[in-house]
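Written below as structure tokens is the structure these notes are about.
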Amino acid sequence: MTRRKRSKKKVQPSAQWYKMDLHIHTPASADYQQKNVTGLEILQEAERRGLNIIAFTDHNTVAGYKHILDEIDDLELLKRLNRLKPEEEKKLQEYRRLQEEILLLTGFEFTTTFGFHILGLFPPETSVRELEFLLLQMNVPADKLDDGATEVGATVDVLTAYQMIAEAGGLVIAAHANSSHGVALQGLRFGGQTRIAFTQDPNLHALEVTDLEKVDKKSTARFFDGSKPEYPRRMRCIQGSDAHRLTRDPGNARNLGVGDRVTEILLDELSFEALRDVLTGDDFARTRPYRAEARPFDYIQAAREEGPNIVQDFHERFSRRGGFLDAIMADVCAFANTNGGTLYIGVSTDAKAAPVGLGNSPTRVINALKTEIETRITPMLPVAIDVQETQNVKIVRLVVPRGDNPPYALDESQIYIRSEAETTPAVRDEIVELVKRGLGENTAVPTPPPHSPTAEAANPLLEPGKALVEPPRTGVEIAAVEKRNNVRYYTMRDLRNGSVVSNVTRNSARRLWRYAIDEAENNPVKPHQVRWMGDIGVWKQREYNAQMRYDLVQKINDELHIYYGVTEEGLHGAWAALIGD
């Protein structure tokens, strides 16, 4: 049976924004709420809602997409036989017209082991037989391929599903990741390493979330923005309707219809290939939640409200005078040596202040930055630089990758790293770690602090079998101190990555380290003043750079461990409950 391929849209002279809903069900899903709806009506509703890209994603089946193809084939056969009735001719012409207007992707919503839902999306020319064969390989029973059921028995696990869909040429999206059946494991008792694996896997291309419009600190997009130490891979977050009906249910607003939750995407052309390029790329400003009858989502303003962190920063001015350019270059070097990141030039860190912008000279700034990076950063570093707009003001954005060949140096000798929201010169032990990373030694998994649960067996101080709370994941701990020639030398442990830096003095300490040393020397912890919750407690809290920081205490076999400058990103489990009390 032949399939008529959808013709590609002509390449546009420049990129433009398209509206997409990549999670739409048809009556082929067993839980569809309006059984009399047709595939043609879904396409017509998508056009009415102004959608440019949609995907049919029925539960563990491609029967809904197949039904449309079969109907088009039947109509075209009747036309060739000159047996097409007028109403059938009209339907065929409507199908053809909509095929030219809307990019319809084929795919499915697959139910993995333990009930997690994964979207697999494929080009329109992918045959139904190929997708059914893939579903069979993922252990969907042959007798259930057309059922559209949400539960189909013992299928493959989440990570295997990611890999199989990706290797088959599909885009892999975690469906409603922050909700029920979502891989972010919200509301489930098990998590930790499982959630990290499920949301950081390289075969996963995006997370579909239901709170994309939110910009507060607890939103899913904020959680996966790369600032969390245990989630260093930034994940693209999009939204879709998960429509199980044609239009929103008037009796229950939570039952959405086609196009009721939409993502806008900036594409060079309307094609699956262009869509793949964006969803697998690292330009996170090319997707945004669509806002009907409102101003477009301002990605840069949302970043400003989030504030500087380990993967983003802001520079209001660009000039050599005053050291502004040198500060930008130091950030580029630091991001390359750490986790990568984004710089915004022309806006301040104060989200309430109007953006200054770069006037009529953003192109001049881009050219100057390219020259500076090419001549001052060693080794060569590919940095994407472009013009963005916020509040009708043009600014420049730099997207800096995590470098593959560290350490990166500014002016051949200055090596910087990113420590939370601060760029600082790297010290000896950090440079050693960067060299090891550049040589290919495995430093991606940091050595755990000696009192963490994973190091319990090797630590003679721990009582056998005693359950411990893992330390926070940001901040620093003074691991040791010794005095030589009347000078105190400290060993600092970075709680974000577990690295240990020795021979730190008060004079050589960076800002957070100096704070920890000052506190340890001048304001030692008084256990009776700690707000305890079992063996963990809060000693002090303060606001710094519009962010709360905590000095926390943990009691292990009557020994106190003090964690200085812990941010919200470092709180987990019992620590989060402690702060929440």
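Based on DSSP, what percent of beta bridges with both residues in the chain are antiparallel, to the nearest 5?
Looking only at bridges with both residues in the chain, the antiparallel portion is about 80 percent.
The chain: D in µm²/s via Stokes-Einstein (Kirkwood Rh, Cα pairs, 20 °C, 1.002 mPa s)?
Stokes-Einstein gives a translational diffusion coefficient of 81 µm²/s.
Counting residues in segment 10-159 as N, plug N into 2.2 N^0.38 Å and put the Cα Rg over that result.
Taking N as the residue count of segment 10-159, the ratio is 1.13.
For LYS352, LYS540, what's the fewest-to-most ordering of other Cβ within 10 Å of each Cβ?
The order, fewest Cβ neighbours first, is LYS352, LYS540.
Against the 2.2 N^0.38 Å scaling, with N counting residues, where does segment 225-306 land? I'd like the Cα-based Rg ratio to two decimal places.
The reported ratio for this selection is 1.31.
Taking a spot 7 Å from the Cα of MET548 along the direction of its beta carbon, which residues of segment 409-433 have an amide N less than 19 Å from it?
Under cut-off, by backbone N: 421.
Would you mind computing, in nm to one decimal, how far apart the modelled labels at MET380 and ARG48 are, each placed 7 Å from Cα along Cα→Cβ?
5.5 nm
Skipping prolines and chain starts, which residues have an amide H placed within reach, meaning under 5 Å, of the one on TYR544, given they are 5 or more residues away or on another chain?
The answer is ARG549.
Taking R0 as 51 Å, what's the FRET efficiency between GLU94 and ASP518 from their Cβ-Cβ distance, rounded to 0.05?
Calculated transfer efficiency: 0.10.
How many nm is it between the label spots at GLU125 and ASN82, if each spot is 7 Å from the Cα in line with the beta carbon?
Once both label points are built, they end up 3.3 nm from each other.
I'd like the antiparallel share, as a percent to the nearest 5, of DSSP beta bridges with both residues in segment 16-297.
60 percent
Quick one: plug the Kirkwood hydrodynamic radius of segment 463-580 (C-alpha pairs) into Stokes-Einstein at 10 °C, 1.306 mPa s, and report D in µm²/s.
The estimated diffusion coefficient comes to 107 µm²/s.
Starting from 0.36 nm per residue, how many nanometres of slack lie between PHE133 and GLU269 once their C-alpha separation is accounted for?
46.0 nm
Could you give me the ³J(HN,Hα) list for segment 140-148, computed from phi with Karplus coefficients 6.51, -1.76, 1.60 and θ = phi - 60°, whole Hz, x at Gly and Pro?
Computed from phi, the couplings for segment 140-148 are 6, x, 4, 7, 10, 5, 9, 7, x Hz.
What distance in nm separates the simple spin-label points at VAL481 and LYS35, each placed 7 Å from Cα in the Cβ direction?
About 7.5 nm, to one decimal.
For the chain, what is the relative contact order in percent, using Cα pairs closer than 8 Å and at least 6 residues apart in sequence?
Relative contact order of the chain: 10 percent.
Every number here is computed from the coordinates shown, using simple stated rules; none is lab data. What you are looking at is a predicted structure, and each value in this text was computed from that prediction instead of being measured. Glycine also receives a Cβ, built like all others from the backbone with ideal geometry; neighbour counts cover every protein chain displayed.
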